[in-house]
Each structure stands twice: as C-alpha cells, then as structure tokens.
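The next block holds one structure in the form of structure tokens; read it before the comments.
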Amino acid sequence: MWRSRDRSRSRSGGRSLLSIATAQLGATPLHYWDFTTNRAMFNGADVGPVTSTPGWSFTRATVGTAEDLAGNIIQFALGELRRTDKGVLIEETRTNLFLNSAVGVTQSITVAAVAHTLSFRGTGTITLTGTSTAGPLVGTGVNNRVTLTFTPTAGSLTLTVTGSCTNVQLEAGSSASSWIPTTGASVQRNADAASVTSPGVAYPLSVYVRFNRTIETYGSNTTAINLDNGVATERYTLFVNATTNLVQPIVTAGAVNQLIVNTSPALTANTTTKFAVRASTASANYARDGVAGTATGAITVPATPNRLIFGANPSFALQLNGYIQAVAIFNTALADASMQRATT
C-alpha cells in the first residue's frame, strides 16, 4: 500500500528524551537521536525532531521511498530525510531500469554484464529470457517482496510478467534497494547524506548505534556510523565488512588503527544490531548485543571530532543500505559493563 507520509508517533507519555535514553541505555548520553520516534537530544536538552539538531545537514538530490513497520511504502520528496517508525533509511545511489514500475508489464531492457537484482511484490511471476535465463522470480504474497540476483550477458533482457507484480524493480547491484517509482523512463535515486557538524565532543568518549541493515551480504563495506575531524585518518567508524559480513569497529589516529576487530556473528539482514564503542587514552573496547570485547591497552585517540556522519564513511560513501534506529554519544569512556548494558 502507498502512503504519502509517515504517521508514526512517539509513545513516550510525555517523558523527557533524557530520561528515556538513560533508562534504555543505562547511562546518560550527551547527545541522542531516536529516529524511530523522530526525537533528538543535544547537549542534554530535547531539541524536537531530529532535523532540528544544531549543525544538522541532509542532502539527497532526488525523491525516494522507505518502508514503515507495517510494510507500507512511503514516498519522500527531494532532500527529505527518509524517516519512518523503522528508523532513517540511508542508501547508496541506485537506478530502477524497469519502466512503469508501479504495476509490472512485460518489457525488454538493455543491461550490462554485471550483477543485477530483480524484485517485486505480489503473487505473479516474472520470467527472464534473452541475456539471462535465471529464475523465474515467483511472488509469495500481495505485500511480500521477493528478489532475484543474477548476472546477465550484455544486451537485451526480456522480463515477461504474468499475474500481479507491483513495485517492480530491476537495478544494477548485488542486492535490492528501496523501491524507485518509474513511468516511461528509468529513474535514479541518489545517495542519502546525513550529518551533524560541530558535535561538541572530545575524547575520551563513547558512541552507541542501533541499526538494521536490509541486505544480507554486499559487494563492498557498508557503514553504520562515522565520527571524525573531516579526514579518514582521525576517526571512529563502524563498518560491516564486505568479505566476512562481520561488524567491524575501527578507531584510527594519525592514520594508524588503534582498534580494529571483526565481531561475530555475521550480520543477518533485517535483524537489529546494537553496538557501542569507547575510546580513551587508557584503552578502547566495544560491546555488541550485550557481549563486550577484549579491551586494548593504552592507545592514541583520534583528533577532536567536528562531524558525525550517519550511515556513511568520511567521504559520504559506503552507505549502510539499511535503517539507523538510534545513535548516542557519551562524553565519557563507558566501562565494559556499561556498554554491555547499553547494547543488551
């Protein structure tokens, strides 16, 4: 079902975001963003919607869509944050090659010899002929999205549609991204870029993020959160490693990694992950879903950060391709037990 706007509401019962965040995390953050309820706290004070955060910046040069928890597809205008009760969706640039994609009809499409992903909702079938005979892709329900990843040869791919196939998408890539509406021509959805400048924090500090990636595996690293001073040589970044599909915290100072760990288990698509990292001159460590890692010894901390990037790396690339639900920054080095509590 198409919905024009997100209708999610906070059920906080009038409580301050400070008290909510402290109760949820077991420690009091300096800054906190709850994208599922569209509330932000900055320097300990409620500032209202997340886009009211001081230093907030967001760009996407095209329209886009996202899903809510009920599975409704919601359209967002050019430059509008794609936030629903699932969180904020941060994705890379993708193009839907399938024309008139609201309701699928048979068509032939010129494709390159690279990985493509076909997806749709419905109970119908799409059969591939021409440059690929993968599939067919068979629907499983009116609101269920099915996907097929394949690599065609270069040339004309024919997609024969039978039955009900809606929200159809054919895109170059090894995974399905959010639906991109098309009519008589292919449409590109540009990448999302969300950040906060001058976050007003310095090491020692701790960072918490709760996220849900919509894909199982991907061809490159993806990023959940990044805190830096404008360069990749002084940063904290939380990656999902492309090779191992493991969540990987990285603390880098002077271009030297002070903390870099592949944390098990491998990430599962559409499953919430909670992660916290601390960095101080005494040590660095992390906790993931209630389990703490092994602390380092003394480290060099990165330079004082001047920006926080949501779901992308220092170059605003390697997007998460998923939903960020909440982010917190603590202006202290949380103990291992506190990070475990926050991520439980």
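The values are calculated or read from the model by the stated rules, or taken from the named source; none is laboratory data. Bear in mind the structure is a predicted one, so any value in this text is a computation, not a measurement. Ideal geometry is used to build each Cβ from the backbone, glycine not excepted, and the neighbour counts take in all protein chains shown. Side chains are part of the model used for accessible areas, which takes the heavy atoms of the whole protein and leaves out ligands, DNA and RNA. Shrake-Rupley method; radii C 1.70, N 1.55, O 1.52, S 1.80 Å.
Computed quantities for the displayed model
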read-out: Only one of 87, 55 that is among the small types (Gly, Ala, Ser), open to solvent by less than 10 Å² (accessible area, probe 1.4 Å) and within 30 Å of residue 197 (Cβ to Cβ); value: 87
read-out: Some residue of the stretch 179-190 being open to solvent by 10 Å² or more (accessible area, probe 1.4 Å), of a type in the set (Phe, Trp, Tyr), within 20 Å of the chain's Cα centre (by Cα) and more than 30 Å from residue 330 (Cβ to Cβ); value: yes
read-out: Hits in the stretch 127-158 - residues which are open to solvent by 50 Å² or more (accessible area, probe 1.4 Å) and among the hydrophobic types (A, V, I, L, M, F, W, C); value: 138, 142, 154
read-out: Residues of the stretch 169-206 satisfying the condition of being of a type in the set (A, V, I, L, M) and either under 19 Å from residue 62 (Cα atoms) or free of Cβ contacts under 8 Å to residues at least 40 places away in the same chain (or both); value: 170, 172, 176, 180, 185, 187, 191, 193, 194
read-out: Residues (of a type outside the set (A, V, I, L, M) and in a loop (DSSP other than H, G, I, E, B)) located in the stretch 60-90; value: 60, 62, 68, 71, 72, 79, 80, 82, 85, 86
read-out: Filter result for the condition that a residue is closer than 19 Å to residue 286 by Cβ, open to solvent by 10 Å² or more (accessible area, probe 1.4 Å) and among the charged types (D, E, K, R), over 213, 235; value: 235
read-out: The stretch 191-208, subset hydroxyl-bearing (Ser, Thr, Tyr) and under 16 Å from the mean Cα position of the chain (by Cα), residue surrounded by the most Cβ atoms within 10 Å (Cβ to Cβ); value: 208
read-out: Qualifying residues in the stretch 6-32 (those that are hydroxyl-bearing (Ser, Thr, Tyr) and assigned to a loop (DSSP other than H, G, I, E, B)) - the one modelled with the highest pLDDT; value: 28
read-out: Some residue of the stretch 145-165 being closer than 22 Å to residue 60 by Cβ and touching a residue at least 60 places away in the same chain (Cβ under 8 Å); value: no
read-out: Residues (of a type outside the set (Val, Ile, Thr) and under 22 Å from residue 305 (Cα atoms)) located in the stretch 47-75; value: 52, 54, 55, 56, 57, 58
read-out: Which listed residue is touching a residue at least 40 places away in the same chain (Cβ under 8 Å) and within 22 Å of residue 233 (Cα to Cα), from 247, 291, 261; value: 247
read-out: Residue check, residue 248 within 26 Å of residue 49 (Cβ to Cβ) and either at pLDDT 95 or above or more than 19 Å from the chain's Cα centre (by Cα) (or both); value: no
read-out: Only listed residue being more than 26 Å from the chain's Cα centre (by Cα), in a loop (DSSP other than H, G, I, E, B) and loosely packed, with under 15 Cβ neighbours inside 10 Å, chosen from 114, 105; value: 105
read-out: Qualifying residue in the stretch 270-287 (condition: free of Cβ contacts under 8 Å to residues at least 40 places away in the same chain, under 15 Å from the mean Cα position of the chain (by Cα) and under 20 Å from residue 29 (Cβ atoms)); value: no
